[in-house]
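In what follows, a structure is listed as structure tokens, so that the remarks can point back to it.
The values are calculated or read from the model by the stated rules, or taken from the named source; none is laboratory data. This one's a predicted model, so the numbers in the text were calculated from it and none came from an experiment. All Cβ positions, even for glycine, are placed from backbone atoms using ideal geometry, and neighbour counts span all protein chains on display. The area values use the complete protein model at the heavy-atom level, side chains included, leaving out ligands, DNA and RNA. Shrake-Rupley method; radii C 1.70, N 1.55, O 1.52, S 1.80 Å.
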Amino acid sequence: MVETRAQKDAAFAHVYKENVGVFQDPQFKELFDKLGVESLTQLIEMEYDNFAMKWNVTTTTDDGDNVTQETSEHSLTKMKQRTITNAIEWYLAQESPDIKTWSQLTSETLLTFVTA
């Protein structure tokens, strides 16, 4: 099945959605951007070690007189890395997984799947 840009965007919007989305923490989006993930379906092709990747974030502060830049290292906690792998396992356990399947994944459905 060919995924359209609109389908990919809708899937990301759903999983990033506040109070519902499995990946609502902004760090997930940062990691997916750094990894070049253009579709959630790409996650199933990735090595799980990629989710432990570290990346740098530069913050610029301008207090009027001085402009400073500070770089900090970011990475996902083991629990957040496991959330991604659990989401992949949930996706693969569905009857006919495709890009639309991601719109059925919520924090609650993932918790139910993991504890079943």
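Pick out, in residue order, every one of the GluC sites (Glu not before Pro) in the stretch 26-82 that is DSSP loop and has at most 14 other C-beta atoms within 10 Å; say none if there are none. Please list the in-between numbers first.
Numbers: sites: Glu30, Glu38, Glu45, Glu47, Glu70, Glu73; in loops: Glu38, Glu47.
Of the GluC sites (Glu not before Pro), the ones in loops of the stretch 26-82 whose Cβ has at most 14 other Cβ atoms within 10 Å are Glu38, Glu47.
Relative contact order, percent, of the stretch 42-116 when contacts are C-alpha pairs under 8 Å separated by at least 6 residues?
On the way: 53 pairs, mean separation 18.2, N = 75.
Normalised by residue count, the contact order of the stretch 42-116 is 24 percent.
Please list, in chain and number order, the residues 5+ apart from His74 or on another chain whose amide H is under 5 Å from its amide H, with Hs placed from the backbone.
Placed amide hydrogens put Trp55, Asn56, Val57 under 5 Å from His74.
Round to the nearest 10 and give me the degree value, 0 to 90, for the angle of helix 26-35's Cα axis relative to the longest principal axis of the chain.
Approximately 90 degrees, to the nearest 10.
Hey, any idea what % of the chain's accessible area is carbon plus sulfur with a 1.4 Å probe?
On the way: 3620 of 7470 Å².
Ligands and nucleic acids excluded, carbon and sulfur give 48 percent.
Fully extended, how many nm does the chain gain between Ala13 and Thr58 (0.36 nm per residue separation, minus their Cα-Cα distance)?
Result for the pair: 13.7 nm of gain on full extension.
Tell me, what HN-Hα J-couplings in whole Hz come from the Karplus equation 6.51 cos²θ - 1.76 cosθ + 1.60 at θ = phi - 60° for each residue of the stretch 62-70, using x for Gly and Pro?
In residue order, the calculated couplings are 10, 9, x, 9, 10, 10, 10, 10, 10 Hz.
Run the quick spin-label model on Met79 and Ser107: label points 7 Å from Cα toward the beta carbon, then report their separation in nm to one decimal.
According to this spin-label approximation, the distance is 1.1 nm.
Please determine, in degrees from 0 to 90 and to the nearest 10, the orientation of helix 78-93 with respect to the longest principal axis defined by the Cα atoms of the chain, where the helix direction is its Cα long axis.
30 degrees
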